[in-house]
Every structure is written in C-alpha cells, then in structure tokens.
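Reviewing the structure listed below.
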Amino acid sequence: MKHIQKDDIVTIPEDVTVNIKARVITVTGPRGTLTRDLRHIQVDIQRPSKNTIRVIVWQGGRKHVACIRTVCSHINNLIKGVTKGFEYKMRFVYAHFPISVNILKEERSVEIRNFLGERYVRKVNLLPGVDIVQTIGVKDELVLTGNDINNVSQSAAAIQQATRVRNKDIRKFLDGVYVSEKSTVVKEVV
C-alpha cells in the first residue's frame, strides 16, 4: 500500500546551525562541523521554520517510508555529535596472556601485541576525527572519542574485530578487546 505523504520533524537546538543544500546536510555546533551526504535517499527535506527540519516522502511504500526515520536519526546524530560528542570505552579481556596495546599518535593507529600469546602484531588504523587514549585510573581500558558517530563506532569495531579468536572454541577463549560503554563526551548532569 502506498502512502500519499508521510513526514517527520527534527528540532534544532539554539547553539546549532544546520545548512541543507540538495540533501547534503552540514551541521555546525560548539564542537565543530559535520557533513552528511544523503543524496542516495529519495526524500524531501524542508525548513518550515528556523529551528525545525521536515523530512517528507511522497507516494512511498513501506520501505521508502522507513527512510524518513533513518534520515531523522542521521540528522539527530550529527546534532548530538557537534554539541556533546561521542565516547566509546573498550576493555581488554584475557585469561592468561596479558594483551598489550600501543597507541601510535603520529600514525593515528593502535598496535595490539601478545593476543593469546601470539607474536603477530595487529595494527588498526583509526578513522579521521577519532582520538584514542589509554586510561590511567582504570586498568586495561581504551577510550575513543570524536564528533562523528560513524567514525568512532567503526574504529571501535575495527579494534574489536582485530582480536577475534579463530580456530578455537569461542565459549572457552573469551580473550579480546570489547566495547564496554557508549556515552557522550559532554556528560549530562542528573
């Protein structure tokens, strides 16, 4: 069944400016600027007022109408990124051989050594805009921060996938580097 017209509205905070030109969305806020190209999705993006964005689908089926929420989520993630930022915490898990991690700042990469006692050095390159630090207070923890949720989460996933256990029983060999917490850089006061 086709829907004649479906829409959803995204509200923009005061300290954020959003520029939309031909479905390329540029969001500027206190933490920087992010750009997202949504030209591959057939939706109508309008600005009915200064602080709202309206996403519309005309003559859409079920899958096409689902794109409305996707586009709204992308815009909300851009707004959240330039106001609060994203932070992923990762913990090392090992039973016997302690995993050692070296952060190479100049190459923007991470070296993982002694995983399951192997001599092979795993090297993971970080995506642009992602900063990584090894926490001093907490043992065996990495913290990835950045404004773009795609780059931060993809860098965390690349680190986790580099330490996959192969050719062994994964119920017994639980070693690896896993995401333990997802939050924002700017914490909300409760």
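Scanning region 124-149 for residues that are in contact (Cβ under 8 Å) with a residue 24 or more places away in the chain and assigned to a strand (DSSP E or B) gives V124, N125, I132, V133, Q134, E141, L142, V143, L144, T145, G146.
For region 11-22, residues that are in a loop (DSSP other than H, G, I, E, B), in contact (Cβ under 8 Å) with a residue 60 or more places away in the chain and hydrophobic (A, V, I, L, M, F, W, C) total 2. Does V165 satisfy the criteria of being assigned to a loop (DSSP other than H, G, I, E, B), in contact (Cβ under 8 Å) with a residue 24 or more places away in the chain and open to solvent by less than 40 Å² (accessible area, probe 1.4 Å)? For V165, the condition - assigned to a loop (DSSP other than H, G, I, E, B), in contact (Cβ under 8 Å) with a residue 24 or more places away in the chain and open to solvent by less than 40 Å² (accessible area, probe 1.4 Å) - is met.
If you go through region 50-66 and keep only what is surrounded by 15 or more Cβ atoms within 10 Å (Cβ to Cβ) and either among the small types (G, A, S) or part of a loop (DSSP other than H, G, I, E, B) (or both), you end up with just G60.
Right, F97: open to solvent by 20 Å² or more (accessible area, probe 1.4 Å), aromatic (F, W, Y) and closer than 30 Å to R164 by Cα or not? Spelling it out, F97 is indeed open to solvent by 20 Å² or more (accessible area, probe 1.4 Å), aromatic (F, W, Y) and closer than 30 Å to R164 by Cα. Considering only region 23-49, state which residues are in contact with a His (Cβ under 9 Å, 6 or more places away or on another chain), without any contact (Cβ under 8 Å) to a residue 40 or more places away in the chain and open to solvent by 40 Å² or more (accessible area, probe 1.4 Å). The answer is R23, Q42.
The values are calculated or read from the model by the stated rules, or taken from the named source; none is laboratory data. Because the structure is predicted, anything quoted here is derived from the model rather than measured. In this analysis, Cβ positions are derived from the backbone assuming ideal geometry, glycine residues included, and neighbour counts consider all displayed protein chains. Ligands, DNA and RNA are stripped out before the accessible areas are found, and what is left, the full protein with its side chains, is counted by its heavy atoms. Shrake-Rupley method; radii C 1.70, N 1.55, O 1.52, S 1.80 Å.
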